[in-house]
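*Asks:* Below is a structure I'd like to ask you about.
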Amino acid sequence: MSDYLTYCQLIVDTSKDLTGKGFLSATGGNLSVRIPEGKAFAITPSNYDYMNMIPEDICVLGMDLNPLAGERHPSVESAMHAAIYKVRPDVNAIIHTHQVYPSTLALIGIPIPALFDEQARFLGRSVDIIPYAPSGTGMLMNTVAKHVKNHNNAYIMANHGALLFGVNMERAVHNVSVLEKCALAYLLTLCTEYKASRIPLVVRELAFAKLRKDQKKYEIIAPSEESDGSRV
Ligand SMILES: [Zn+2]
């Protein structure tokens with residue numbers, strides 16, 4: 001555990017922070033951080049209250065899901081997290097929430113187009129809907145892995161919740177807040193008789209280019225898969 005303490009503490013602190021802000025509740029959702037040195041990731045345990053968590057409760061798994069540290073059962077979505085890290089070398093932190101406003105869009109299946117500059121800058125060109133698959137299944141893992149290759153950092157999982165990525169945990173947490181604001185503003189707009197206007201295409205592309213620049217920077221310095229050439 002001592003080898004991974006920093007990462008496990010980060011998961012604990014972030015879980016409590018997100019719970020305090022209302023983005024996580026009870027045991028819903030899960031989050032993980034990539035551990036570049038060991039080609040592994042630290043992830044929240046399954047069905048365990050965030051507010052009671054200590055670093056020893058966090059599970060450390062290899063990318064092939066072999067347990068490296070932690071006594072508890074890892075999140076049932078561990079395979080989904082591993083699949084995302086494999087297809088997205090720019091992603092070093094993943095947060096899955098059941099936050100309310102994106103979850104509402106998850107029920108009506110409406111993606112969020114580029115509405116705000118900060119949205120395109122941090123979340124990507126749009127917030128797409130990932131088709132439904134049952135929680136904790138290989139079907140969900142495959143569906144998610146297939147839909148997240150476009151380098152966006154926020155997705156809505158149909159009839160389920162939200163999925164946020166970041167080059168680090170700080171960015172992933174920031175993206176949770178940005179998504180919440182965008183989802184609420186869009187939902188309110190959809191309740192009016194007016195059509196939501198979008199930012200100009202050229203602005204969206206400039207903002208997305210800045211996001212990609214950040215992502216590429218982190219892809220280069222993260223040593224996790226450089227040695228075996230498995231980066232995509
Ligand atoms: Zn969930």
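The values are calculated or read from the model by the stated rules, or taken from the named source; none is laboratory data. These numbers come from a predicted model, not from an experiment. Here the Cβ is made from the backbone with ideal geometry for all residues, glycine too, and neighbour counts use every protein chain on show.
*Asks:* What's the total number of residues in the stretch 101-122 that are without any contact (Cβ under 8 Å) to a residue 60 or more places away in the chain and crowded, with 16+ Cβ neighbours inside 10 Å?
*Replies:* Filtering the stretch 101-122 down to residues without any contact (Cβ under 8 Å) to a residue 60 or more places away in the chain leaves 103, 106-109, 111.
After this cut, where a residue has to be crowded, with 16+ Cβ neighbours inside 10 Å as well, the list is 103, 106.
Of the residues in the stretch 101-122, 2 are without any contact (Cβ under 8 Å) to a residue 60 or more places away in the chain and crowded, with 16+ Cβ neighbours inside 10 Å.
*Asks:* What number of residues within the stretch 121-161 satisfy the criterion of being within 16 Å of the ligand (Cβ to nearest atom), in a loop (DSSP other than H, G, I, E, B) and more than 14 Å from the chain's Cα centre (by Cα)?
*Replies:* The qualifying residues number 9.
*Asks:* Follow-up. Are any residues in the stretch 96-123 touching a strand residue (DSSP E or B) at 6+ places or on another chain (Cβ under 7 Å) and within 18 Å of Leu211 (Cα to Cα), and if so, which ones?
*Replies:* Those that are touching a strand residue (DSSP E or B) at 6+ places or on another chain (Cβ under 7 Å) and within 18 Å of Leu211 (Cα to Cα): Ile112, Leu123.
*Asks:* Also, quick follow-up: Applying the selection to the stretch 51-81, what residues are away from the ligand (no atom under 16 Å from the Cβ) and small (Gly, Ala, Ser)? Quick ask: steps written out before the conclusion?
*Replies:* We begin by selecting, within the stretch 51-81, every residue away from the ligand (no atom under 16 Å from the Cβ); these are 51-72.
Across the stretch 51-81, the qualifying residues are Gly62, Ala69, Gly70.
*Asks:* Okay, next question. Among Glu118, Glu170, which is the only one that is away from the ligand (no atom under 16 Å from the Cβ), over 13 Å from the mean Cα position of the chain (by Cα), of a type in the set (Asp, Glu) and modelled with pLDDT of 95 or more? Give the steps one after another, and end with the answer.
*Replies:* Numbers: Glu170 fails: over 13 Å from the mean Cα position of the chain (by Cα).
It is Glu118.
*Asks:* Do you know which residues across the stretch 7-44 are within 16 Å of the ligand (Cβ to nearest atom), surrounded by fewer than 19 Cβ atoms within 10 Å (Cβ to Cβ) and not in a loop (DSSP other than H, G, I, E, B)?
*Replies:* Hit for the stretch 7-44 is Thr19, nothing else.
*Asks:* Then there's this: State which residue is surrounded by the fewest Cβ atoms within 10 Å (Cβ to Cβ) when the search covers only the stretch 84-100 and only residues that are within 16 Å of the ligand (Cβ to nearest atom) and under 12 Å from the mean Cα position of the chain (by Cα).
*Replies:* So in the stretch 84-100, the residues within 16 Å of the ligand (Cβ to nearest atom) come out as 84, 94-100.
The next check asks that each one be under 12 Å from the mean Cα position of the chain (by Cα); those that pass are 84, 94-98.
On the way: Ile84: 24, Ile94: 26, Ile95: 28, His96: 26, Thr97: 23, His98: 17.
Residue satisfying both the conditions and the ranking: His98.
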